[in-house]
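The values are calculated or read from the model by the stated rules, or taken from the named source; none is laboratory data. Quick caveat, the model's predicted, so the values are computed rather than measured. Glycine also receives a Cβ, built like all others from the backbone with ideal geometry; neighbour counts cover every protein chain displayed.
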Amino acid sequence: METVLLSDSEADLIKAAELIKNGEIVGIPTETVYGLGADASNENAVRNIFAAKGRPADNPLIVHLADFSDVVNYTRSVPELAYKLAEHFCPGPLTMVLPKNDSIPMVTSGGLETVGIRVPSHPIMHRIIQLSGRPIAAPSANTSGYPSPTSANHVMRDMNGKVAAVVDGGESEFGVESTVIAIESESRVRILRPGCVTREMLLEYCDEVIIDHAILNELEAGETAASPGMKYKHYSPKADIIMVEGELEAFTEYVSKHEPDKSFSLIFDGDEGSFPYRYMTYGGNSLQQAHQLFAKLRELDDIGAEKVYVRAPSKEGVGLAVYNRLIRAAGFEVIRI
Ligand code: TXA
Ligand code: MG
């Protein structure tokens, strides 16, 4: 199959929407990362998404809607708290897990009775949902296990020949995937995957926000994941990633003792001046780190890095999302100095 690169012109967005209506898969930019979109109600199209990514069948897809009020068409019941959160965070990088109805096939929900609903704010994704008139199932547009794509070029590299088209919308704004939450009561939510809607932001609208254990910890054998995505190895470039938590001086000393000429380091903006080994930087604060992380992991592979020491980010605010992606990329290996 030839993969067509489309622009953000209205004519091209109409083409993208037509492809979706015909059961094809299209790479689409969103404000978080690029998604691989297809009609969420078309079982065949959804099966093809799993095949293109090489994704395990029990890992559910998020369903993207143009407006949160459409949620009633795809769910059995919607708590008041979901509407309240939607008022503040939709459209935007928040996914709410809700009980699904029969309009969402089991292939889409990975066999679960629930469905993750998200209303993306990116104008291209929003327009394609509107023009297609379909709910769009869209996982991140990477090969399963590899870092999520934050540019059309990343999507092309993973999906060329496997999907009908990719729409080029430039670099993703946030750079990490949406915050996924389960609503446990009218006053309590559980974060299943951290993102740019932070715990602190959610706490403005409910009494309790639990950070699921699996966000920072490896699942024990036999433990079930609240979010199936948590049990798979993720975000891993080919390089061996080692997270090192500590001040710059201690980090530098650690690298100096571990064959610095055979590794790269991923350090913060501002660290460069006193770092004597090969490095790349990934931003100076959590938002910048979120924006740059996946692109930098891909770049490290492109230059053939085999071992990468990463200066561990803060776990505060958006930092938790960055930390969560890195700890998975590192296979939960963190060196604390
Ligand atoms: O920002 C995003 O969320 C991007 C863009 C394209 O919207 N999409 C994305 O999808 O990251 P994906 O499939 O790569 O990640 C979805 C995550 C997975 O970890 C999955 O297990 C979880 O959300 N998830 C989806 N539906 C769920 C459900 N019903 N219950 C629990 N977890 C769910
Ligand atoms: Mg993904």
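Values for this structure:
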| item | result |
| --- | --- |
| Options G27, G23; residue that is small (G, A, S), within 16 Å of ligand 1 (Cβ to nearest atom) and in contact with a helix residue (DSSP H, G or I) (Cβ under 7 Å, 6 or more places away or on another chain) | G27 |
| Among the candidates P79, P56, P99, residue that is within 14 Å of ligand 1 (Cβ to nearest atom), of a type outside the set (K, R) and closer than 21 Å to I181 by Cβ | P99 |
| Top-ranked residue of region 229-248 - restricted to ones that are within 16 Å of ligand 1 (Cβ to nearest atom) and outside any loop (DSSP other than H, G, I, E, B), ranked as surrounded by the fewest Cβ atoms within 10 Å (Cβ to Cβ) | K231 |
| Count of residues meeting criterion [at pLDDT 85 or above and within 18 Å of the chain's Cα centre (by Cα)] in region 218-229 | 3 |
| Answer from T143, T179, T150 - the residue that is under 30 Å from A17 (Cα atoms), in contact with a Leu (Cβ under 8 Å, 6 or more places away or on another chain) and within 16 Å of ligand 2 (Cβ to nearest atom) | T179 |
| Residue list for region 153-182, restricted to those being farther than 29 Å from T198 by Cβ and in contact with a strand residue (DSSP E or B) (Cβ under 7 Å, 6 or more places away or on another chain) | M156, M159, V163, A164, A165, V166, D168 |
| Selected residue (only one of N44, N59 is part of a helix (DSSP H, G or I) and out of contact with any Leu (no Cβ under 6 Å at 6 or more places or on another chain)) | N44 |
| Matching residues in region 124-165 - criterion: being on the phi > 0 side of the Ramachandran plot and either more than 12 Å from ligand 1 (Cβ to nearest atom) or free of Cβ contacts under 8 Å to residues at least 60 places away in the same chain (or both) | G133, G161 |
| Failed item, numbered, when A295 is tested on (1) small (G, A, S); (2) touching a strand residue (DSSP E or B) at 6+ places or on another chain (Cβ under 6 Å); (3) not in a loop (DSSP other than H, G, I, E, B) | (2) |
| Counted residues, region 197-228 - those being part of a helix (DSSP H, G or I), free of Cβ contacts under 8 Å to residues at least 24 places away in the same chain and within 24 Å of G111 (Cα to Cα) | 2 |
| Residue in region 113-132 that is away from ligand 2 (no atom under 16 Å from the Cβ), in contact with a helix residue (DSSP H, G or I) (Cβ under 6 Å, 6 or more places away or on another chain) and of a type in the set (S, T, Y) present | yes |
| Number of positions in region 281-313 that are closer than 16 Å to A330 by Cβ and without any contact (Cβ under 8 Å) to a residue 60 or more places away in the chain | 4 |
| Single condition T198 does not satisfy, out of (1) touching a strand residue (DSSP E or B) at 6+ places or on another chain (Cβ under 7 Å); (2) among the polar types (S, T, N, Q); (3) crowded, with 16+ Cβ neighbours inside 10 Å | (1) |
